[in-house]
1. Nearest 5 percent is fine: what portion of the DSSP beta bridges confined to the chain is antiparallel?
2. Running a GNM on the chain with Cα contacts under 10 Å, which residue among LEU228, LEU35, LEU166 ends up with the highest mean-square fluctuation?
3. In the chain, with Lys and Arg counted as +1 and Asp and Glu as -1 at Cβ, which of these residues, PHE98, TYR262, GLN144, has the Cα nearest the positive end of the dipole, that is, farthest along it?
4. Are there DSSP H segments in the chain that both extend 27 Å or more along their axis (alpha-carbon positions) and score a mean Kyte-Doolittle hydropathy of at least 1.6? List them, or say none.
5. State the extension gain, in nm to one decimal, for the chain segment bounded by GLU187 and GLN125, taking 0.36 nm per residue of separation less the distance between their alpha-carbons.
6. If the only charges are +1 at each Lys and Arg Cβ and -1 at each Asp and Glu Cβ, what is the size of the charge dipole of the chain around the Cα centre, to the nearest 20 debye?
7. Using Cα pairs under 8 angstrom and six or more residues apart, how large is the relative contact order of the chain, in percent?
8. Wrap a convex hull around the Cα atoms of the chain, take a quarter of its surface area, and give that in square nanometres.
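The values are calculated or read from the model by the stated rules, or taken from the named source; none is laboratory data. What you see is a predicted model; the values in this text were computed from it and never measured. Note: ideal-geometry Cβ built from the backbone for every residue, glycine included; neighbour counts use all protein chains shown. These area figures cover heavy atoms from the full protein model, side chains too; ligands, DNA and RNA do not enter into them. Shrake-Rupley method; radii C 1.70, N 1.55, O 1.52, S 1.80 Å.
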Amino acid sequence: MLTVFAGIVGALVIGAWVVIAWGSQRRQPWLLAPLALLIVLLVAFDLPGWAFLPVAALVTGSFMELVVGARESPVVRTKDMDAPLSTERWAAAVAAPFRVALAEPWDVVARPSLRRRYRHMLEEQWGVTDRESLLAAVDRLQEQLRTGPKLDLVVNLRAGIARSRLPREQGGADTGAQVRLTDEQVERLRSVIDVPDADETVIIGAYQWWKSVHMIRMVCGGASLDWLSPVETQTLLRRVATDLQRRYSSWAQLAMAFHAGYLLWPEKGVLGDHCGEDRVWTALGLLTEDPRSPWNLLPWDMPLDRKIPDGGAKGSSSDEVSTRD
């Protein structure tokens with residue numbers, strides 16, 4: 001009887017360990033494999049009492065992975081460094097800071113392991129709960145960017161204050177959006193914008209187009225939740241990528257706009273903060289400086305795919321998603 005009980009407990013613990021190890025991006029949980037093998041051997045040789053020792057050790061190790069793995073520092077990871085250039089890969093690179101912040105591979109559009117996180121983010125930040133509301137939110141944000149003013153971010157590096165304003169040709173009035181910067185943020189902006197230490201004020205133009213990143217995140221979420229077909233996913237990503245290539249001329253310009261816009265983003269605490277550390281801000285620094293970063297490897301002006309891949313779209317047809325180029 002004890003052997004049967006030990007076998008059931010061991011199977012459950014081993015199953016939970018496999019799930020945790022498979023979902024983790026770290027190699028450490030797989031180092032517990034000898035414990036799983038030991039459990040099997042002890043049960044097979046009718047030594048159930050001894051089997052509970054490796055069971056306890058495997059439970060402890062799996063629990064530690066859940067705790068430590070969730071707190072893993074941001075890191076630039078890729079699923080396939082040598083993957084060919086594509087619209088999806090280029091668009092995924094644009095939204096890479098949010099994946100790097102989670103120590104997740106940046107070059108995967110649909111990520112089923114992040115379904116729960118995407119579902120929470122979409123509903124909490126955008127009120128998106130299904131396919132229809134997702135498409136409406138993407139269209140709404142893109143229309144706002146295309147028809148809205150090209151806001152400037154004025155950064156007083158000496159005072160450590162960043163404020164949003166209309167361009168001079170539209171009056172130059174402040175919009176009311178302002179944030180006080182830390183010393184670390186000031187130094188980061190100096191390095192990203194590449195301004196001399198003597199300069200007190202810099203202006204980052206049309207920074208609001210960094211919000212295109214949110215559209216890419218929404219599309220990645222829709223693909224991960226199976227709300228969008230591959231056809232729709234590529235079409236939406238190409239639409240956003242085309243707009244970005246028209247507004248900016250390099251990854252460096254996107255990095256400046258991303259840094260500026262993220263500082264003023266009211267929702268950053270929802271996702272970025274973790275035990276007092278702003279993980280997305282850290283990820284931005286990695287993508288700017290790390291030579292393995294897609295922002296340092298992928299060509300900004302790569303041709304975007306014009307051919308829609310074969311495959312059926314969810315809903316009535318792939319024509320539901322207009323490219324509107």
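1. 95 percent
2. Sorting by GNM fluctuation, first place goes to LEU35.
3. Ranked along the dipole, the leading option is GLN144.
4. Numbers: long enough: 2-23 (31 Å, 2.18); 48-70 (33 Å, 1.42).
Span-like helices, by this rule, are 2-23.
5. 19.4 nm
6. Numbers: 36 positive and 39 negative charges, 47 e Å.
It works out to roughly 220 debye.
7. 18 percent
8. Its average projected convex-hull area is 20.5 nm².
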